[in-house]
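The values are calculated or read from the model by the stated rules, or taken from the named source; none is laboratory data. Since this is a predicted model, take the numbers as computed values, not measurements. Here the Cβ positions follow ideal geometry from the backbone for every residue, glycine too, while neighbour counts run over all protein chains shown.
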Amino acid sequence: MFIKKIFNPFAFLSEKILLAIGLLGFIVLCSVSYCFKMAMDGIWHIGYAEGKTTFQIIFQNALIAVVSIVSLGILAKIYNKKSRWIDIVNTVFVSFVPNIFVILISGLPYFNEASEKLVSMANNPNEIMNHKTELFIVLISSFCIIPFAIYSVILLYNGFKTATNMKSWQQISIFFILTFILNLITQFSL
């Protein structure tokens, strides 16, 4: 039962508690984004925001939230006319909470330095193997990030499924196609 509550809090918590968790999480996300100079540039992607002001980082994160809410809200209404906007808002904001940990891990100085060093050697794969420490740091950090990224996707899916009573494989496929396209569009336009 505890596992179900962790992976689908939307079925167990009231909309007010979910909204409070989501909004608090979004505020923390924006704060952490500013501290580590990172911002959401897609529903499932976080990028570096060097040179951006606090307002620009908050605006970019908020823009991703609004685009996600509107897009998923329209799809929810198509799937089930009784779907409520508050459930979609809660789904999007709560699914952003694991991204706080993604930013915290990605923003660690060791990870950044090791990543930059490896990226600078991208044209010479043999040179990368001479820097095993940096490669190890990036791999370990990536393995730490992956569970939080997956958890974010699970929360988005379960929240949307709960809000719309989505059941068929066609609806699930359209949901993932929409979120993938939404991620690509926002990532390349911001």
Residue satisfying all of: in the stretch 144-190; of a type in the set (Gly, Ala, Ser) and within 15 Å of the chain's Cα centre (by Cα); surrounded by the fewest Cβ atoms within 10 Å (Cβ to Cβ) among these: Ala149
Is there any pair linking a residue in the stretch 15-29 that is under 13 Å from Ala62 (Cα atoms) to one that is assigned to a helix (DSSP H, G or I) and of a type in the set (Phe, Trp, Tyr), with Cβ under 7 Å and at least six apart or on different chains, and which? Gly22/Phe93; Leu23/Phe93; Gly25/Phe93; Gly25/Phe96; Phe26/Phe93; Phe26/Phe96; Leu29/Phe96
Which one of Gly47, Gly51 is of a type in the set (Gly, Ala, Ser), without any contact (Cβ under 8 Å) to a residue 40 or more places away in the chain and either part of a helix (DSSP H, G or I) or farther than 18 Å from Ala163 by Cα (or both)? Gly51
Just to verify a result, which residue in the stretch 1-36, among those that are among the polar types (S, T, N, Q) and not in a helix (DSSP H, G or I), is surrounded by the most Cβ atoms within 10 Å (Cβ to Cβ)? Asn8
Scanning the stretch 82-92 residue by residue, those over 13 Å from the mean Cα position of the chain (by Cα), crowded, with 17+ Cβ neighbours inside 10 Å and β-branched (Val, Ile, Thr) turn out to be Ile88, Val89
A careful count of residues in the stretch 164-176 that are in a helix (DSSP H, G or I), under 10 Å from Leu75 (Cβ atoms) and aliphatic (A, V, I, L, M) gives 1
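Quick grid of which residues meet (1) of a type outside the set (Val, Ile, Thr); (2) touching a Phe, Trp or Tyr at 6+ places or on another chain (Cβ under 9 Å); (3) more than 27 Å from Leu29 (Cβ to Cβ):
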site	(1), (2), (3)
Phe96	yes, yes, no
Glu113	yes, no, no
Ile137	no, yes, no
Asn158	yes, yes, no
Thr162	no, yes, no
Ile177	no, no, no
Phe188	yes, no, no
Can you name every residue in the stretch 37-53 that is surrounded by fewer than 20 Cβ atoms within 10 Å (Cβ to Cβ), farther than 18 Å from Leu104 by Cβ and not basic (Lys, Arg)? Gly51, Thr53
Could you list all residues from the stretch 41-60 that are of a type in the set (Gly, Ala, Ser) and touching a Ser or Thr at 6+ places or on another chain (Cβ under 9 Å)? Gly42, Ala49
Answer yes if at least one residue in the stretch 58-70 is modelled with pLDDT under 90 and either surrounded by 23 or more Cβ atoms within 10 Å (Cβ to Cβ) or under 15 Å from the mean Cα position of the chain (by Cα) (or both), and no otherwise. no
Select from the stretch 93-143 the residues that are touching a residue at least 12 places away in the same chain (Cβ under 8 Å) and either polar (S, T, N, Q) or surrounded by fewer than 14 Cβ atoms within 10 Å (Cβ to Cβ) (or both) and write down the one among them that is nearest to Ser68 (Cα to Cα). Ser95
In the stretch 123-159, what residues are part of a helix (DSSP H, G or I), at pLDDT below 80 and among the polar types (S, T, N, Q)? Asn126, Thr133
Quick one: what pairs do we get from the stretch 64-76, first residue within 14 Å of Gly42 (Cα to Cα), second surrounded by fewer than 18 Cβ atoms within 10 Å (Cβ to Cβ), C-beta under 7 Å, 6+ apart or different chains? Ser71/Leu178
